[in-house]
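See below for the structure under consideration.
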Amino acid sequence: QVQVEESGGGLVQPGGSLRLSCAASGRIFRLNNVGWYRQAPGNERELVARIADGGYIGYLDSVKGRFTISRDNAKNTVYLEMSSLKPEETGGYYCYLGGEVGGSWPTSRFETWGQGTQVTVSS
């Protein structure tokens, strides 16, 4: 019912910037909780940034002041702006979307993940 497409990853030098996008399509009534996770090789997936239902925004301590999560409700899209990137932030970045599907009113809830986009920070 809900399709997700991530984009924006790539190779960037240390100190550089990238903008990730996560676009959802389908019969989406609204998005509630959304977030970005990161998984480095050999490590568990960790939460980097999230927007909770109600608008609370939270960040992993190590990215505060450098990463910004945002959403465009009209486009059902979530963004992650990353600046001053560090080599240890290399990994797969995955968006998480939770929300409701429906037409004139919500009919059911959904949770889904993006396919992941690779971010490599290297000189």
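What the table shows:
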quantity	calculated
Selection within the stretch 99-123 - open to solvent by 30 Å² or more (accessible area, probe 1.4 Å), in a loop (DSSP other than H, G, I, E, B) and at pLDDT 95 or above	GLN115, SER122, SER123
Failed item, numbered, when GLY65 is tested on (1) surrounded by fewer than 17 Cβ atoms within 10 Å (Cβ to Cβ); (2) at pLDDT below 95	(2)
Hits in the stretch 80-98 - residues which are among the small types (Gly, Ala, Ser), surrounded by fewer than 16 Cβ atoms within 10 Å (Cβ to Cβ) and either closer than 12 Å to ALA40 by Cβ or modelled with pLDDT under 95 (or both)	none
Residues satisfying the stated conditions in the stretch 12-51, i.e. touching a residue at least 24 places away in the same chain (Cβ under 8 Å), at negative phi and not in a strand (DSSP E or B)	GLN13, PRO14, GLY16, SER17, ARG27, ALA40, PRO41, ASN43, ARG45
Subset of the stretch 54-92 [more than 22 Å from PRO14 (Cβ to Cβ), in contact (Cβ under 8 Å) with a residue 40 or more places away in the chain and part of a loop (DSSP other than H, G, I, E, B)]	ASN73, LYS75, ASN76
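The values are calculated or read from the model by the stated rules, or taken from the named source; none is laboratory data. Since the model is a prediction, treat every value here as computed from it, not as a measurement. FYI the Cβ positions are ideal-geometry reconstructions off the backbone, even for glycines, and counts take in every protein chain you see. Just the protein is used for accessible areas: all its heavy atoms, side chains included, with ligands, DNA and RNA removed. Shrake-Rupley method; radii C 1.70, N 1.55, O 1.52, S 1.80 Å.
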